[in-house]
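Please read the structure below before turning to the comments.
The values are calculated or read from the model by the stated rules, or taken from the named source; none is laboratory data. In this text, all values refer to a predicted model and were calculated from it rather than measured experimentally. FYI the Cβ positions are ideal-geometry reconstructions off the backbone, even for glycines, and counts take in every protein chain you see. Heads up: the accessible areas ignore ligands, DNA and RNA and are worked out on the full protein's heavy atoms, side chains in. Shrake-Rupley method; radii C 1.70, N 1.55, O 1.52, S 1.80 Å.
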Amino acid sequence: LLSYVSFPCRYFRWWYKKTRIEKKSAFIDLLCAVPLQQIYGCPLGGIGGGTITRGWRGEFCRWQLNPGIYHYETVIADQFTVCLRCKGQTVYQQVLSVERPSTLQGWNWGYCGHYAFYHALYPRAWMVYELPGQNVVLTCRQVSPVIPHDYKDSSLPVGVFIWEVENGRDEDVDVSIMFSLQNGTGTKEDRSGGHWNEPFAFEKEGKRVAGVLLHHCTRVNPFTLAISAREKAGTGVTHLTAFNPVGSGREVWQDLLQDGRLDSPAGKSSPTEKGEVMAAVVCASCRVLAQSHRTLELALAWDMPRVHFGSKEKLHLRRYTRFFGSGGDAAPALSHHALTHYEEWERKIEAWQKPILENSQLPSWYKSALFNELYFMTDGGTIWVELPPDCCAEDLQGPAGAGLSHFLPVLQEYGRFAYLEGQEYRMYNTYDVHFYASFALVMLWPKLQISLQYDIAVTVVNEDVQPWQYLMCGQTAQVKLKNVVPHDIGDPADEPWQRVNAYLMHDTADWKDLNLKFVLQVYRDYYLTHDSLYLRDMWPVCQAVMESELKFDTDNDGLIENGGFADQTYDAWVVNGASAYCGGLWLAAVCMMCKMAEVLGDAEIQQKYTDILSKGKEAFERMLWNGKYYNYDSSGSDTSSSIMSDQCAGQWFLGACGLDQGEFEV
């Protein structure tokens, strides 16, 4: 109890040292939490190239371009504006935003939200604007390339905005959609100076896009933003290379108001001075006949190909550089690819989602959750990087990893993948909870799950001689032990993969669930992918972590015991003795060891774990079943008879692998 009473003091001491003395950010910041804002909508971008989130009111409000690091800034200059012209006169011009900011007051703000609607089914979103008094309806369909079993386009840092214009008038209307964007993400770096913009056009196979590149020239992780539109018959694209987004913006507004187009000056802008901010505009225009409709296609791309994590020790190339290069000049090609391939993406997305959406057996809330919660696959601080071309097996695997024969081929082909436990829990591939989320990965991008598992396996088998560290539970512990699954593979503010276990609350080498969750995922992955090479590689690792776990069966009854502290994923809940959660995971892992041994023809190991399973099942029933449910634990404490909602997690995993009945029923 004393250790929990003094935890706030220990945390504050650690937080003060980290943030005030070392000038670094805390991996979990309990003192400066991000305030809850229920404003966020569907994020833009594919997997691992960074994300830009739009709110459900259309604002650009959350930025994750530096891997794993978030900025919660609504950049007011980042907007869509519509201009309607009839018979050579502008009859309506409006920023499609309900905001009324103190800047850009030369623009017409304050769109009435009563005439706008938002829908999202990730990775797409729809914003419908019924322009008041105009008999014109705009529908902006937002599309990101998040496509199951696709390992190319799904990595691209792009989003497409398809504007459907419905003209209900009895006369033709000239329609312009103007897309404005600030050079930056709304942070102080926007004012650091040296940023510049330039117009571009990119043509390939007879298809042409045009727009503006916004070069953001920071010392670490520089990037280029690109706003663009598709040029085609009947559609014109104009631009304004640079304007001041914190001024009145009157020159931009009047330029559009005059003829529904922009001046399109040639040449690049001057670099910004320190303290100065810059933005750019692209505009797509077309004529929509009476009682007809047309489409305008715009895109946003960003190119930050070469990234450093917080320690700045190693250079990493993002996955998309395999296809578009790492020179920092890919934004035009990315924009062109997005605007000429989004229709193919949508066909694949619809083919994936349609069977589920049309399944009358599933409730609507479940369908929504299945797709909309997948946003975290891209917006979970996600990073997907290539292995360096000069990388050798010894560098990655270490001396003990040589037995993982397909580790290097898998990572060379599919790269390395990591995502955060949460946007404010800054640890990559937190394994105790990846256990649950991993179904999305293995069912939709199975090669990324296999890659992630190889990274974990290499960490398990290597004897990392790392320093001891002081933990917030009051103990000291080695950062990582051999034959023990790590809690996470590191903090993006440090050097992930290189330094693991950013978590400092407890010594997770004594956690009872991590090793078991590795074994359960290995067989589950094999069951779903039929990858026998993977299973053979992982089999010795599974044996090693189970041997390590056996020490927790202190009375040799075939069932592990918890240690009287919060020694599993529920890291504020003390567990003592046999427990429903960890005991159930243990029995499921033992069961899967039997199954894997059978598949691989390892009769000796199969017999060993069959005997353990027989004893363990009997002990589990005897010590925990109370006639109605399994007790929380066997300690006899006041909380011992609590109903643990996750008590059948092991059984659930067995069921997902077809092992919950007959001889394998736990």
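May I ask you to say which residue of VAL519, VAL442 is assigned to a helix (DSSP H, G or I), in the same structural domain as ILE560 (by the TED database) and of a type in the set (Val, Ile, Thr)? Outline the logic, then answer.
Values: VAL442 fails: in the same structural domain as ILE560 (by the TED database).
Answer to the check: VAL519.
Can you name the number of the only condition in (1) assigned to a helix (DSSP H, G or I); (2) open to solvent by 10 Å² or more (accessible area, probe 1.4 Å) that VAL252 fails?
Tallying (1) assigned to a helix (DSSP H, G or I); (2) open to solvent by 10 Å² or more (accessible area, probe 1.4 Å), VAL252 fails exactly one: (2).
Could you pull out the residue among ARG219, ARG208 that is part of a strand (DSSP E or B), assigned by the TED database to the domain that holds ALA333 and over 29 Å from ASN108 (Cβ atoms)? Break it down stepwise before answering.
Details: ARG219 fails: part of a strand (DSSP E or B).
Going through ARG219, ARG208 in turn, just one is part of a strand (DSSP E or B), assigned by the TED database to the domain that holds ALA333 and over 29 Å from ASN108 (Cβ atoms): ARG208.
Scan the stretch 174-189 and tell me whether some residue there is open to solvent by less than 10 Å² (accessible area, probe 1.4 Å), in contact with a helix residue (DSSP H, G or I) (Cβ under 8 Å, 6 or more places away or on another chain), in the same structural domain as SER311 (by the TED database) and aliphatic (A, V, I, L, M). So that I can check it myself, show each step before the final result.
Filtering the stretch 174-189 down to residues open to solvent by less than 10 Å² (accessible area, probe 1.4 Å) leaves 175-181, 183-184.
Keeping just the survivors that are in contact with a helix residue (DSSP H, G or I) (Cβ under 8 Å, 6 or more places away or on another chain) gives 176, 178, 180, 183-184.
Those still in the list that are in the same structural domain as SER311 (by the TED database) too: 176, 178, 180, 183-184.
Then drop every residue that is not aliphatic (A, V, I, L, M), which leaves 178.
Yes.
From the list TYR581, TYR503, which residue is more than 26 Å from the chain's Cα centre (by Cα) and among the hydroxyl-bearing types (Ser, Thr, Tyr)? Show your work before the answer.
Numbers: TYR503 fails: more than 26 Å from the chain's Cα centre (by Cα).
On inspection, the qualifying residue turns out to be TYR581.
Check TYR366, TYR414, TYR342 and return the single one that is at pLDDT 95 or above, open to solvent by less than 20 Å² (accessible area, probe 1.4 Å), hydroxyl-bearing (Ser, Thr, Tyr) and out of contact with any His (no Cβ under 9 Å at 6 or more places or on another chain).
Working: TYR366 fails: open to solvent by less than 20 Å² (accessible area, probe 1.4 Å); TYR414 fails: open to solvent by less than 20 Å² (accessible area, probe 1.4 Å).
From the options TYR366, TYR414, TYR342, the qualifying one is TYR342.
Taking the stretch 180-205 as the region of interest, how many residues are outside any loop (DSSP other than H, G, I, E, B) and under 18 Å from GLN64 (Cα atoms)?
So the first thing to find is which residues in the stretch 180-205 are outside any loop (DSSP other than H, G, I, E, B), and the list is 180-182, 188-191, 196-204.
Those left that are additionally under 18 Å from GLN64 (Cα atoms): 181-182, 188-190.
Going through the stretch 180-205 one residue at a time, the tally reaches 5.
Just give me the residues in the stretch 551-573 being of a type in the set (A, V, I, L, M) and under 13 Å from SER634 (Cβ atoms), in sequence order. Working first, answer last.
Pass one, the stretch 551-573, residues of a type in the set (A, V, I, L, M): 559-560, 566, 572.
Of everything in the stretch 551-573, those that are of a type in the set (A, V, I, L, M) and under 13 Å from SER634 (Cβ atoms) turn out to be LEU559, ILE560.
Looking at PRO467, PRO492, can you tell me which residue is open to solvent by less than 10 Å² (accessible area, probe 1.4 Å) and either touching a strand residue (DSSP E or B) at 6+ places or on another chain (Cβ under 7 Å) or within 25 Å of LEU30 (Cβ to Cβ) (or both)?
Values: PRO467 fails: open to solvent by less than 10 Å² (accessible area, probe 1.4 Å).
Testing whether each residue is open to solvent by less than 10 Å² (accessible area, probe 1.4 Å) and either touching a strand residue (DSSP E or B) at 6+ places or on another chain (Cβ under 7 Å) or within 25 Å of LEU30 (Cβ to Cβ) (or both) leaves just PRO492.
Please enumerate the residues belonging to the stretch 75-89 that are buried (at least 19 other Cβ atoms within 10 Å of the Cβ) and either small (Gly, Ala, Ser) or more than 16 Å from VAL175 (Cα to Cα) (or both).
Matches in the stretch 75-89: VAL75, ILE76, ALA77, ASP78, GLN79.
How many of the residues in the stretch 270-300 are in a strand (DSSP E or B) and closer than 23 Å to GLN182 by Cβ? Show your work before the answer.
We begin by selecting, within the stretch 270-300, every residue in a strand (DSSP E or B); these are 279-288, 292-300.
If we keep only those that are closer than 23 Å to GLN182 by Cβ too, we end up with 279-285, 296-300.
Summing the residues that are in a strand (DSSP E or B) and closer than 23 Å to GLN182 by Cβ in the stretch 270-300 gives 12.
How many residues, within the stretch 345-362, are open to solvent by less than 20 Å² (accessible area, probe 1.4 Å) and of a type outside the set (Val, Ile, Thr)? I'd like the intermediate steps shown before the answer.
Initially, the stretch 345-362 is screened for residues open to solvent by less than 20 Å² (accessible area, probe 1.4 Å), giving 345-346, 349, 353.
Checking which are of a type outside the set (Val, Ile, Thr) leaves us with 345-346, 353.
Residues meeting the conditions: 3.
For the stretch 95-104, indicate whether the set of residues that are in a strand (DSSP E or B) and either of a type outside the set (A, V, I, L, M, F, W, C) or free of Cβ contacts under 8 Å to residues at least 40 places away in the same chain (or both) is non-empty. Steps first, answer last, please.
Residues of the stretch 95-104 in a strand (DSSP E or B): 95.
This time we only want the ones that are either of a type outside the set (A, V, I, L, M, F, W, C) or free of Cβ contacts under 8 Å to residues at least 40 places away in the same chain (or both), so: 95.
The answer is yes; a qualifying residue exists.
To keep it simple, each residue is scored yes or no on (1) in contact (Cβ under 8 Å) with a residue 24 or more places away in the chain; (2) in the same structural domain as ASP153 (by the TED database); (3) within 20 Å of ASN66 (Cβ to Cβ).
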residue	(1), (2), (3)
GLY275	yes, yes, no
GLN291	yes, yes, no
GLU297	yes, yes, no
LEU300	yes, yes, yes
GLU313	yes, yes, yes
ILE349	yes, no, no
TRP352	yes, no, no
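Considering only the stretch 387-407, I want to know if a residue exists there that is within 21 Å of SER144 (Cβ to Cβ) and within 24 Å of the chain's Cα centre (by Cα). Don't jump to the end; show me each part of the working.
Restricting attention to the stretch 387-407, the residues satisfying the condition of being within 21 Å of SER144 (Cβ to Cβ) are none.
There is no residue in the stretch 387-407 that is within 21 Å of SER144 (Cβ to Cβ) and within 24 Å of the chain's Cα centre (by Cα).
If the requirement is being in a helix (DSSP H, G or I) and aliphatic (A, V, I, L, M), which of these qualifies: LEU504, LEU528? Outline the logic, then answer.
Numbers: LEU504 fails: in a helix (DSSP H, G or I).
Checking each option against the conditions leaves just LEU528.
So, in the stretch 15-54, how many residues would count as being open to solvent by 10 Å² or more (accessible area, probe 1.4 Å), touching a strand residue (DSSP E or B) at 6+ places or on another chain (Cβ under 8 Å) and not in a loop (DSSP other than H, G, I, E, B)?
Qualifying residue count for the region: 2.
Go through the stretch 90-122 and give me each residue that's in contact with a Cys (Cβ under 9 Å, 6 or more places away or on another chain), open to solvent by less than 20 Å² (accessible area, probe 1.4 Å) and more than 17 Å from THR139 (Cβ to Cβ).
GLN93, TYR122
Is it the case, given these coordinates, that MET592 is open to solvent by less than 70 Å² (accessible area, probe 1.4 Å) and within 17 Å of LYS512 (Cβ to Cβ)?
Working: open to solvent by less than 70 Å² (accessible area, probe 1.4 Å): yes; within 17 Å of LYS512 (Cβ to Cβ): yes.
Considered against the rule, which asks whether it is open to solvent by less than 70 Å² (accessible area, probe 1.4 Å) and within 17 Å of LYS512 (Cβ to Cβ), MET592 comes out as yes.
In the stretch 393-406, is there at least one residue being more than 30 Å from VAL484 (Cβ to Cβ) and either part of a helix (DSSP H, G or I) or free of Cβ contacts under 8 Å to residues at least 12 places away in the same chain (or both)? Write out each step before concluding.
Step one: filter the stretch 393-406 for residues more than 30 Å from VAL484 (Cβ to Cβ), giving none.
Scanning the stretch 393-406 turns up no residue that is more than 30 Å from VAL484 (Cβ to Cβ) and either part of a helix (DSSP H, G or I) or free of Cβ contacts under 8 Å to residues at least 12 places away in the same chain (or both).
Quick check on my filter: what residues within the stretch 122-147 are within 29 Å of the chain's Cα centre (by Cα), within 22 Å of THR340 (Cα to Cα) and of a type outside the set (S, T, N, Q)?
TYR122, PRO123, ARG124, ALA125, TRP126, MET127, CYS140, ARG141, VAL143, PRO145, VAL146, ILE147
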